[in-house]
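Undergrad: Shown below is the structure under consideration.
The values are calculated or read from the model by the stated rules, or taken from the named source; none is laboratory data. As the structure is a prediction and not an experimental result, all values here were calculated from the model. Cβ placement follows ideal geometry from the backbone for every residue including glycine, while neighbour counts extend to all protein chains displayed. What goes into the accessible areas is simple: the full protein's heavy atoms, side chains included, and nothing from ligands, DNA or RNA. Shrake-Rupley method; radii C 1.70, N 1.55, O 1.52, S 1.80 Å.
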Amino acid sequence: LALAAMSIIHRRINDRTISSGTVVLTRYTLRLLTLQQFERTARLACALEKLRRESSHGLLGDEEISIGLWIGEDTPASFADARETAEEIFQAAHPQEVSGFPLRKCPWCGSEITPQHETGDHRKFGFKWTNNSFEFYCPNSNCTFNDVLPVQIVDEALYKDPPSILIGTVDKYARMPWVEGSGNFFGTGQNLPPSLIIQDE
């Protein structure tokens, strides 16, 4: 995590005029291990994003420092899929029992993203959606990330705006030749290629 943080900060300081793209790629084989690493690394992404927001003279750039989760069939492939899952969770009597989004708590303050027993206004939940967007935010009004969390799990959003850190599984990487947009993680367009690749043994 320290090396990942250094790689991101180094790029932000030295390549401020170029879109930063994905700096750190990870590849794991086991879903459980991937989710555990995602939880840990999401805290790092929040810490770096907080530093970026507070840095003087735009030292760490204007673009959000973020993390993306790119795994199997367990995360939404499109905004439409995300909306369907969000509405299912929103309408459930026991939202946390619904197999939906892997982010259950705010990585920064620990507040619940998906409440235990609550229905009603979806603003009480830590995610918001439209037909063309999906975002996590912390429902705690005192949290630094009450506006938006630097976390993305929707494939369509990840291809459009590659995250600083990508947590992925081997099955997703194996599909890359057939998935339009996945090359953005490797520096196509205006993005720089990754600086650090971490692979599970």
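Undergrad: Give the lysines reachable from Lys124 as a straight Cα distance under 18 Å; neighbours fewer than 8 places away on the same chain don't count.
TA: Lys105
Undergrad: Just to confirm the number: angle between the C-alpha axis of helix 31-54 and the first principal axis of the chain, 0 to 90 degrees, nearest 10?
TA: For 31-54 against the chain, the angle is about 70 degrees.
Undergrad: Using θ = phi - 60° and the Karplus curve 6.51 cos²θ - 1.76 cosθ + 1.60, what whole-Hz ³J(HN,Hα) does each residue of segment 187-200 get, with Gly and Pro shown as x?
TA: x, 6, x, 8, 8, 7, x, x, 9, 9, 10, 10, 10, 5
Undergrad: Right, here's the next one. Determine which residues of segment 26-48 fall in the zone a paramagnetic label at Asp74 would reach in this model, i.e. backbone nitrogen under 18 Å from the point 7 Å along Cα→Cβ.
TA: Only 26-43 pass the distance filter.
Undergrad: To the nearest 10 Å², what's Arg16's accessible area with a 1.4 Å probe?
TA: About 130 Å², rounded to the nearest 10.
Undergrad: Suppose the Debye formula is applied to equal point scatterers at every Cα of segment 1-158; what is log10 I(q)/I(0) at q = 0.12, 0.18, 0.20, 0.21 Å⁻¹?
TA: -0.54, -1.16, -1.37, -1.47
Undergrad: A further question follows. If Glu84, Glu49 are ordered by their accessible area, calculated over protein heavy atoms with a 1.4 Å probe, which sequence runs from highest to lowest?
TA: So the residues, ranked largest to smallest area, are Glu84, Glu49.
Undergrad: Can you show me the helix-derived [θ] at 222 nm for the chain, built from DSSP H runs with n ≥ 4 at -39,500 (n - 2.57) apiece and divided by the number of residues, rounded to the nearest 500.
TA: Rounded to the nearest 500, it is -9500 deg cm²/dmol.
Undergrad: Ordering His94, His10 from largest to smallest accessible area (1.4 angstrom probe), what's the sequence?
TA: Descending accessible area places them as His10, His94.
Undergrad: Right, next: For the modelled label position 7 Å from the Cα of Ile197 along Cα-to-Cβ, which residues of segment 1-21 have backbone nitrogen atoms closer than 18 Å?
TA: Once the point is set 7 Å along Cα→Cβ of Ile197, 4, 7-8, 21 turn out to lie under 18 Å by backbone N, inside segment 1-21.
Undergrad: Just to be sure I understand the model, the point goes 7 Å from the Cα along the line to the Cβ. What's the resulting Asn131 to Lys160 distance in nm?
TA: 1.3 nm
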